Amino acid sequence: MKYAKRYAIRVLFLLVLSSLVAAWAIAPAAAASSSSGGSNAQSLNGASAPHTYIDFKGSWGADTAANLAKYDVVALHYTDTAQHVQAIKGINPNTVVLAYFNPLFGGSEGKPHTEWYLRDAKGVTHSSGYNEPLMDLTNPGWRAMCVQISQNALQKGFDGLVLDNGLTSPNVSYPGSWSGSDSQWQSSTIALYNSIKQAAGGKIVIYNGAYFIPGYVDALDGWMDEGFPFYKGWDNSIGFALDAANKGKLILFYAQGSASDRYFCYCSALLTDGYFFYAPTGTKWFDDYGIQLGTALSKAEKNADGTWQRAYQYGTVVVNPSSKTAHIDLKSGQSTTAIVTPTVKATAVPTVKATAVPTVKATAVPTVKATAVPTVKATAVPTATAALTLSSANSTAENESVPGISVPSAQTSGVASLSAQPVLEFSLLGLGIPALLAGLVYLLIRR
């Protein structure tokens, strides 16, 4: 019996020790998996819809971090502080916070170095219009400084970078500012992107500008379409986005215009896996951003009548980019009356400033069965329409149980709330049960 007791004590000690080791190993792994969502472009593309983005460069207030934490992706200026990044992450660790940087504009870093300034054929420098000089991306010294600026920003805790003005040539936005060739500018831009991406390691780097320069999007993790979808043409904007998605790239949509334009652009973005931003908004959150559609069940499809649609777990998105009225069955998402082929013609002019097109109207009809969500209706005679229909399964309770939703349903009521992480509870359970069993064995042997 003496040896039996000693053996039981040893068994108890080993069980407790192994439980502690298991708890120590499991807890960090579970915590890492629970907070790693959105760490790269590939995982973001698989997130639950709708996908939201906000470009914020305003002044910070008491509720700014809480308002920004509702979004999937947030862009702050690269000079913003690490404290602001952590303030957002502290509320919603799944929010991806990117640093906005414009390599074409010198900012305070470029001003002392006049040899980096962009010059025209006469050697004259030009201003960006924002009290910043235009910079020469073909200058290796300035490109090296851009890499350093990017590294400094990422050290603050940013998840990645948004690089503005990925142009075919600076002459697009600033005519006569550049005397070199377009090919020289583009090759230098690609070299800059490659250097920044290498310095960023596994962090996200995307650019805003001309998608039709293949080397730009291929060098980085994604692309932002500023002025979506009007000034590139609807067909081109959607086509570029779908192509980028097929390449595994992250797409950000930066839309402007009237309220009806916003509905149309929002539903258009839902045809893709892109992240939607409507400007100017400050930190404003729109209620329809909180309508959880779940995961996409298919890719966007073009119907015979010219309308487009995409099926989601909890609803269907239908968009009519034509100037002809389409009659949509909100239950099925199918057009009930055939219409002529769309007359809207797409263009591929690489413009970087967006212009609102007030003649484009849209409807967003988030009719929800068995819920108290009101029906939203737009103008009676839109020239282009979009509709969002939801299934009866899209109730609050089911939204909260959908896996993969990166922003909780509480996002529409103020501060985003995070679901409880069962890591500690699981670890204590794993520790307690083996210890209890070992104790019972010891007591039985002792008797």
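Out of all the residues in segment 248-266, is one or more in a loop (DSSP other than H, G, I, E, B), touching a residue at least 24 places away in the same chain (Cβ under 8 Å) and among the hydrophobic types (A, V, I, L, M, F, W, C)?
no
Any idea which of (1) touching a residue at least 40 places away in the same chain (Cβ under 8 Å); (2) surrounded by fewer than 21 Cβ atoms within 10 Å (Cβ to Cβ); (3) in a helix (DSSP H, G or I) is the one Gln83 doesn't satisfy?
The single condition Gln83 does not satisfy is (1).
Name the residues in segment 92-121 that are at pLDDT below 95, in contact with a strand residue (DSSP E or B) (Cβ under 7 Å, 6 or more places away or on another chain) and in a helix (DSSP H, G or I), would you?
Gly110 - this is the single residue of segment 92-121 that is at pLDDT below 95, in contact with a strand residue (DSSP E or B) (Cβ under 7 Å, 6 or more places away or on another chain) and in a helix (DSSP H, G or I).
For Lys89, state whether it is within 17 Å of the chain's Cα centre (by Cα), more than 19 Å from Gln151 (Cβ to Cβ), at pLDDT 95 or above and of a type in the set (Lys, Arg).
Values: within 17 Å of the chain's Cα centre (by Cα): yes; more than 19 Å from Gln151 (Cβ to Cβ): yes; at pLDDT 95 or above: yes; of a type in the set (Lys, Arg): yes.
In short, yes.
Out of segment 220-246, which residues are closer than 21 Å to Ser195 by Cβ and open to solvent by 20 Å² or more (accessible area, probe 1.4 Å)?
The one that is closer than 21 Å to Ser195 by Cβ and open to solvent by 20 Å² or more (accessible area, probe 1.4 Å): Asp221.
Looking only at segment 122-137, count how many residues are at pLDDT 95 or above and either at positive phi or open to solvent by less than 30 Å² (accessible area, probe 1.4 Å) (or both).
5
What number of residues within segment 299-316 are under 19 Å from Asn246 (Cβ atoms) and in contact with a helix residue (DSSP H, G or I) (Cβ under 9 Å, 6 or more places away or on another chain)?
Matching residues across segment 299-316 total 3.
Looking at Val172, Val147, which one is touching a residue at least 40 places away in the same chain (Cβ under 8 Å) and farther than 13 Å from Leu192 by Cα? Talk me through it step by step, then tell me what you get.
Numbers: Val147 fails: farther than 13 Å from Leu192 by Cα.
Criteria check complete, one pass: Val172.
Checking Tyr289 against (1) touching a Pro at 6+ places or on another chain (Cβ under 9 Å); (2) farther than 15 Å from His51 by Cα, which single condition isn't satisfied?
(2)
Just give me the residues in segment 193-241 being outside any helix (DSSP H, G or I) and β-branched (Val, Ile, Thr), in sequence order.
Within segment 193-241, the subset outside any helix (DSSP H, G or I) is 201-213, 220-233.
Within segment 193-241, Ile204, Val205, Ile206, Ile213 qualify.
I'd like the full set of residues that are of a type outside the set (Val, Ile, Thr) and either in contact with a strand residue (DSSP E or B) (Cβ under 6 Å, 6 or more places away or on another chain) or assigned to a loop (DSSP other than H, G, I, E, B) (or both), limited to segment 136-150.
Of everything in segment 136-150, those that are of a type outside the set (Val, Ile, Thr) and either in contact with a strand residue (DSSP E or B) (Cβ under 6 Å, 6 or more places away or on another chain) or assigned to a loop (DSSP other than H, G, I, E, B) (or both) turn out to be Asp136, Leu137, Asn139, Trp142, Ser150.
Among the residues of segment 105-120, write down those that are open to solvent by less than 10 Å² (accessible area, probe 1.4 Å) and within 26 Å of Leu68 (Cβ to Cβ).
Once the filter is applied, which keeps residues that are open to solvent by less than 10 Å² (accessible area, probe 1.4 Å) and within 26 Å of Leu68 (Cβ to Cβ), segment 105-120 yields only Gly107.
Residues Asp182, Asp164: which one is touching a strand residue (DSSP E or B) at 6+ places or on another chain (Cβ under 8 Å), surrounded by fewer than 21 Cβ atoms within 10 Å (Cβ to Cβ) and at pLDDT 95 or above?
Exactly one residue qualifies, and that residue is Asp164.
Can we say Phe212 is surrounded by fewer than 19 Cβ atoms within 10 Å (Cβ to Cβ) and aromatic (Phe, Trp, Tyr)? Spell out how you get there, then give the answer.
Working: surrounded by fewer than 19 Cβ atoms within 10 Å (Cβ to Cβ): yes; aromatic (Phe, Trp, Tyr): yes.
So Phe212 passes the test.
Take the residues of segment 279-333 that are part of a strand (DSSP E or B) and within 18 Å of Asp261 (Cβ to Cβ): which is most open to solvent (accessible area, probe 1.4 Å)?
We begin by selecting, within segment 279-333, every residue part of a strand (DSSP E or B); these are 294, 296, 301-302, 308-312, 315-320, 328.
Checking the rest, the ones that are also within 18 Å of Asp261 (Cβ to Cβ) come to 308, 317-320.
On the way: Trp308: 42, Val317: 0, Val318: 4, Val319: 0, Asn320: 2 Å².
Per the criteria, the residue is Trp308.
Considering segment 151-192 alone, what residues qualify as being part of a helix (DSSP H, G or I) and under 16 Å from Tyr78 (Cβ atoms)?
Gln151, Asn152, Ala153, Leu154, Leu192, listed by residue number.
Looking at this structure, is Ala259 open to solvent by 10 Å² or more (accessible area, probe 1.4 Å) and at pLDDT 95 or above? Can you show your working first?
Working: open to solvent by 10 Å² or more (accessible area, probe 1.4 Å): yes; at pLDDT 95 or above: no.
So Ala259 does not fit the description; no.
Restricting segment 75-86 to residues that are among the hydrophobic types (A, V, I, L, M, F, W, C) and under 18 Å from the mean Cα position of the chain (by Cα), which is farthest from Leu252 (Cα to Cα)?
Among residues in segment 75-86 that are among the hydrophobic types (A, V, I, L, M, F, W, C) and under 18 Å from the mean Cα position of the chain (by Cα), the one farthest from Leu252 (Cα to Cα) is Val85.
For Ser59, indicate whether it is surrounded by fewer than 17 Cβ atoms within 10 Å (Cβ to Cβ), polar (S, T, N, Q), closer than 30 Å to Leu137 by Cβ and at pLDDT 85 or above.
For Ser59, the condition - surrounded by fewer than 17 Cβ atoms within 10 Å (Cβ to Cβ), polar (S, T, N, Q), closer than 30 Å to Leu137 by Cβ and at pLDDT 85 or above - is not met.
The values are calculated or read from the model by the stated rules, or taken from the named source; none is laboratory data. Owing to the predicted nature of the structure, the values given are computational and were not obtained by experimental measurement. Positions of Cβ are generated from backbone atoms using ideal geometry, with glycine treated the same way; all protein chains shown enter the neighbour counts. Note: areas computed on protein heavy atoms with side chains; ligands, DNA, RNA excluded. Shrake-Rupley method; radii C 1.70, N 1.55, O 1.52, S 1.80 Å.
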